[in-house]
Amino acid sequence: MGRTLMFMEPSGIDSRQEADSGQEGSKCSNRIDLSHFRLPIFLFFSSFLFSLFSCGEAQEHIARAVNPEDSASVMTSYGVNTLISDSGVIKYRIVTERWDVNTVRQPSRWEFMKGVFFEQFDEQFHVQAYIQADTAWYFDQQRLWKLRGRVTIRNVKGLIYNSEELYWDGIKHEFYSTVFSRVVTPERTMEGTYFRSDEKMEHYMVSNSVGSFMAADMENDEPQPATATDDSTGTEPLRPAPEKHRRY
C-alpha cells in the first residue's frame, strides 16, 4: 500500500502540472497581439480628428468688392486720329494718345487721360476752332465733355480762351466754366470766375470779371469838355453845386 501511494502521488502532481500548463496555454492562445494594428488605428483617429476640426473652422472665401476705380475699360485705343459726327454731320476731329471707353462705371464715359486735341468744323467742313486740354472725359449719356488742365480754345476770329476747367454741353451747344477764365480778343482782354459761351465762341459772357479795353472803345463814353458861354464869369460847371439844406 505504501509503495502504491508513493507511486501515485508523483503522477497526480504531474497531471496537475500538465493541467495547469494546459490552462495557461489556452489563456495565451486567447490573447490578441495588437502591436501590428497600432499605426493604422492612430492614423484613422488622427484623420478623423483633423476632419472634425477643419469642418468646424471652415471659412467662406469671398472676393473683395469691386470699386468703380477697379473697373476695366471695354476698349482702349492708342494713337487715335478720328472724325466725330453729330446728327450725320462731321463736327470734330479728335487726336489723342490714348482713348478709353468705360461702360461699367456710372455714368458711362470716354476717358482721355493722356490729353486731347480737337478740330471743330462748320457745315462746309471748314475749321472753325481748335480745342486742347491735358485731360478730358466725355459722358456719352449726357453728351457732356469735361476738359481739365491747361484748357485752350482758339477760333478763326482771333479769340483765345484759357482756363483750368471747362464744360462742353453737346445738348445745349455751349461752353461754361465756374473757375478762373481768361478771354483775349484783338480788341479786349477779359478775366473772370464765370464763363458761358456758344460753341462758336461768338456770343460769350464773363462775370465777376476784370478787364482791359482799347481806348477807342471808350471814346464814345467819355464826357465832352466844357464849352465857354457868353457869361464873362467863366465856364459853366459840369454839374450844379450842391444846395444847402434849409432848416425850418
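Assign one of three labels to segment 69-170, namely rounded, prolate or oblate, based on the Cα gyration tensor with a ≥ b ≥ c the square roots of its eigenvalues; rounded applies when a/c is under 1.5, prolate when it is not and a/b is larger than b/c, and oblate otherwise.
Prolate, because a/c is 1.5 or more and a/b exceeds b/c.
Work out, step by step, the length gained on full extension between Val95 and Thr185: first 0.36 nm times the residue separation, then minus their alpha carbon distance; give nm to one decimal.
29.8 nm
Sorted by packing (mean other beta-carbon atoms within 10 Å per residue), highest first, where do 85-95, 184-194 land?
184-194, 85-95
Can you give me the accessible area per residue for segment 83-158, using a 1.4 Å probe, in Å²?
53 Å²
The values are calculated or read from the model by the stated rules, or taken from the named source; none is laboratory data. Just so you know, these numbers come straight off a predicted model, no measurement behind them. Please note: Cβ atoms are built from the backbone with ideal geometry, for glycine as well, and neighbour counts cover all protein chains shown. With ligands, DNA and RNA removed, areas are computed over all heavy atoms of the protein, side chains included. Shrake-Rupley method; radii C 1.70, N 1.55, O 1.52, S 1.80 Å.
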